[in-house]
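The values are calculated or read from the model by the stated rules, or taken from the named source; none is laboratory data. Since the model is a prediction, treat every value here as computed from it, not as a measurement. Glycine gets a Cβ as well: all are built from the backbone with ideal geometry, and neighbour counts include every protein chain shown.
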Amino acid sequence: MKLRFIVLLLTVLLALPALAHGDKKHVIGTIEKISPESVIVKTQDGKSVEVKLAPTTVYVTNDGKPAKFADVAVGQRVVIHATPKGTELIADELKFAAAGNTAAPAR
């Protein structure tokens, strides 16, 4: 009985991180182009991915400090948590590192 409980508990604990992000998508790479409406990110596999920015998009620095749109620039490494809406991705959070900083932002 204890073994069954432990297996069940481990299964639940391992599944929680997958459920925490729900249907969110992660876009990781370097900003190629930016406008008030969207960013285009070049991913590690060389693809360019457009992510729309919303009034509710939260901007955060690599070390977790609040930021704003004006702090984001071409060449910065980013991790974007986005919600798919049809064929578009809408940014919920854009975490960035300064240009020239080779460390990718933590997910």
Residues of the stretch 76-99 being of a type in the set (Gly, Ala, Ser) and in contact (Cβ under 8 Å) with a residue 24 or more places away in the chain, in sequence order, are 82, 91, 97, 98, 99
Go through the stretch 24-73 and give me each residue that's in contact (Cβ under 8 Å) with a residue 40 or more places away in the chain, under 15 Å from the mean Cα position of the chain (by Cα) and within 23 Å of residue 86 (Cα to Cα).
24, 25, 26, 27, 28, 29, 31, 39, 49, 51, 53
Applying the selection to the stretch 74-93, what residues are within 15 Å of the chain's Cα centre (by Cα) and closer than 14 Å to residue 33 by Cα?
76, 77, 78
Return yes or no: is residue 102 at pLDDT below 95 and either of a type outside the set (A, V, I, L, M) or closer than 15 Å to residue 38 by Cβ (or both)?
yes
